Amino acid sequence: MAGTARRDVIVETSARLFYDYGYPNVGMRMVADHVGIRTASLYHHFPSKEQILYEIAVHETRGFIDVQAPILDSPLDPAERLRVLFVNHIVRSWHKRVQLVVTEREERELTDEHRAVIVDHKQEYRQLIQNYLRSLSARRLPAPQTRLLIVSTLSMINSVNVWFDPTGSLTLDEVADQVGTLAANVMLRALELPEVAGSPAVAGSGREKRKPATRRKRA
């Protein structure tokens, strides 16, 4: 296995172990055993367990910015860009929920230098949204009110990871579409701008209606 591919497996495996057992309860030997390599080989890729945690955290926080920022420069209607931003945020958060939970829960285990990088990434993402809101409307909310609006809206869409049930009546894309639309409209109303309607499908998601389960007849 190539070096980059091996690092990816180590990071993915470690994220699951940190998620299941908690960072303090996972050692380098446990990670090596689950990856199927010697502990010495693991140290060849990562000098410490903290470095693995940092790799998880920086990949996810930086990844949000890299994936989401282009949406706000897309040819979509300006208000629709905001809606799609939140829809995609919800979908990505669900698929990356293990890594994101580990990042939030174990952030205190990072070195001061590494923690500062993660904090900067989170702030950059919030600033990205704030700058876009300013570009949408001539109305300027006071800075504290703008921060509260952004933080509370992000908290709302992030909560989907807590309560969403993939076996429920709504698919992830349907939930993301409805909650993302609601989140966008909260912000648009605050700026006294026209609201947006939900989309029949999440862009690029290939959403399909979930078919009701059918019972098998007994012979």
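The values are calculated or read from the model by the stated rules, or taken from the named source; none is laboratory data. Since we're looking at a predicted model, the values are computed, not measured. Counting neighbours? That spans all protein chains shown, and the Cβs are built from the backbone with ideal geometry, glycine included. Surface areas here come from the heavy atoms of the whole protein model, side chains and all, with no ligands, DNA or RNA. Shrake-Rupley method; radii C 1.70, N 1.55, O 1.52, S 1.80 Å.
Quick one: would you say residue 140 is of a type in the set (Lys, Arg), over 20 Å from residue 76 (Cα atoms) and either open to solvent by 40 Å² or more (accessible area, probe 1.4 Å) or within 16 Å of the chain's Cα centre (by Cα) (or both)? Judged against the criteria, residue 140 is a match.
The condition of being open to solvent by 20 Å² or more (accessible area, probe 1.4 Å) and β-branched (Val, Ile, Thr) holds for only one of 175, 160, 117, that being 117. Counting the residues of the range 8-46 that are open to solvent by 90 Å² or more (accessible area, probe 1.4 Å), under 26 Å from residue 121 (Cα atoms) and not in a helix (DSSP H, G or I) gives 0. What do you reckon, is residue 135 assigned to a helix (DSSP H, G or I), modelled with pLDDT under 95 and small (Gly, Ala, Ser)? It is true that residue 135 is assigned to a helix (DSSP H, G or I), modelled with pLDDT under 95 and small (Gly, Ala, Ser).
If the condition is being open to solvent by less than 50 Å² (accessible area, probe 1.4 Å) and out of contact with any helix residue (DSSP H, G or I) (no Cβ under 7 Å at 6 or more places or on another chain), then the range 178-201 contributes 185, 201.
Filter the range 95-113 for residues that are open to solvent by less than 30 Å² (accessible area, probe 1.4 Å) and part of a helix (DSSP H, G or I); which is farthest from residue 173 (Cα to Cα)? My answer is 106. On the stretch given as the range 60-94, residues that are of a type in the set (A, V, I, L, M), crowded, with 17+ Cβ neighbours inside 10 Å and over 16 Å from residue 187 (Cβ atoms) total 1. Condition check: in contact with a Lys or Arg (Cβ under 8 Å, 6 or more places away or on another chain) and over 26 Å from residue 113 (Cβ atoms). Does residue 72 satisfy that? Yes; evaluated as a whole, the condition is true for this residue. So, residue 5, is that one exposed (fewer than 15 other Cβ atoms within 10 Å of the Cβ), at pLDDT below 95 and in a helix (DSSP H, G or I) or not? Against the criterion (exposed (fewer than 15 other Cβ atoms within 10 Å of the Cβ), at pLDDT below 95 and in a helix (DSSP H, G or I)), residue 5 qualifies. Of the residues making up the range 2-32, those that are in contact (Cβ under 8 Å) with a residue 24 or more places away in the chain and hydrophobic (A, V, I, L, M, F, W, C) are 9, 10, 11, 15, 18.
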